[in-house]
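See below for the structure under consideration.
The values are calculated or read from the model by the stated rules, or taken from the named source; none is laboratory data. Because the structure is predicted, anything quoted here is derived from the model rather than measured. Note that we place each Cβ from the backbone using ideal geometry, even for glycine, and neighbour counts take in every protein chain shown. Surface accessibility is based on the protein's heavy atoms, side chains included, excluding ligands, DNA and RNA. Shrake-Rupley method; radii C 1.70, N 1.55, O 1.52, S 1.80 Å.
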Amino acid sequence: MDSQKVLIDEKVALGQDILPSGVKAVLSEFLKWYEAHYSMPFNIEIGPNEVALYIYHDITGELKNCVNLCVEKWKKRLNSEDQLNEFCHNICIEDVSCRINEVFCGIRNELTRYLDKYGIKYRLEEGWEGYARYLSVFTT
């Protein structure tokens with residue numbers, strides 16, 4: 001992290017006058033919605049010229065649970081344990097990833113609605129890093 005940037009908790013950021021007023025209004029409204037729906041990590045990084053918002057979710061645990069349930073369901077039908085693990089992993093990675101992509105689409109739509117409402121200029125970055133889905137929003 002750049003030495004001029006500070007990673008800060010959203011409650012602290014909202015409680016102090018360290019955010020531009022428009023960004024603070026966006027966060028205040030968005031976080032009411034977000035916290036009512038999700039418990040995924042949410043971080044704020046404040047820099048000299050921008051505020052960055054980071055949301056991420058690691059699907060490793062969900063994937064493991066899905067594979068375990070799948071293996072139990074299918075173990076009597078398939079002979080090879082290796083085939084079964086690969087079969088279940090392929091099914092589960094697609095299922096869990098699709099579900100999380102839909103969740104992040106909803107989060108992105110809600111967040112950009114607030115950013116647009118307050119006329120905040122921003123750029124988005126989103127995708128997968130290993131088994132973690134992320135959404136990053138940079139405001140200027």
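Can you give me the % of accessible surface on the chain that is carbon or sulfur? Probe 1.4 Å, all protein chains present, nothing else counted. If you can, show how the numbers build up before the last one.
Details: 4280 of 8540 Å².
Whole-percent figure for carbon plus sulfur exposure: 50.
Could you check the spin-label model distance between Asn49 and Arg113? Points 7 Å from the Cα along Cα→Cβ, value in nm.
3.2
I'd like the distance separating the alpha-carbon centroids of region 93-125 and region 13-52, in whole Å.
A separation of 15 Å, based on Cα centres.
Might you list the cysteines of the chain that have no disulfide-compatible partner by the rule of another cysteine's Cβ under 4.7 Å?
Taking the Cβ cut-off of 4.7 Å, the unpaired cysteines of the chain are Cys98, Cys105.
Rolling a 1.4 angstrom probe over the protein heavy atoms, how many square angstrom per residue are accessible across the chain? Could you put the intermediate results ahead of the total?
Working: 8540 Å² over 140 residues.
Spelled out: the 1.4 Å probe surface of the chain, per residue, equals 61 Å².
Using Cα atoms only, what is the angle between the long axis of helix 60-74 and the major principal axis of the chain, expressed in degrees (0 to 90) to the nearest 10?
20
With only alpha-carbon pairs counted, each pair once and no self-pairs, how large is the Kirkwood hydrodynamic radius of region 11-77 in angstroms?
Numbers: mean 1/r = 0.0670 Å⁻¹.
14.9 Å is the Kirkwood radius here.
Between His37 and Gln16, what is the label-to-label distance in nm when each label sits 7 Å out along the Cα-to-Cβ direction?
2.9
So how many Lys-Lys pairs in region 18-140 land under 26 Å Cα to Cα, not counting same-chain pairs under 8 apart? Show your work: numbers first, answer last.
Working: Lys24/Lys32; Lys24/Lys117; Lys24/Lys121; Lys32/Lys117; Lys32/Lys121; Lys64/Lys73; Lys64/Lys75; Lys64/Lys76.
Eligible lysine pairs with Cα atoms under 26 Å apart amount to 8.
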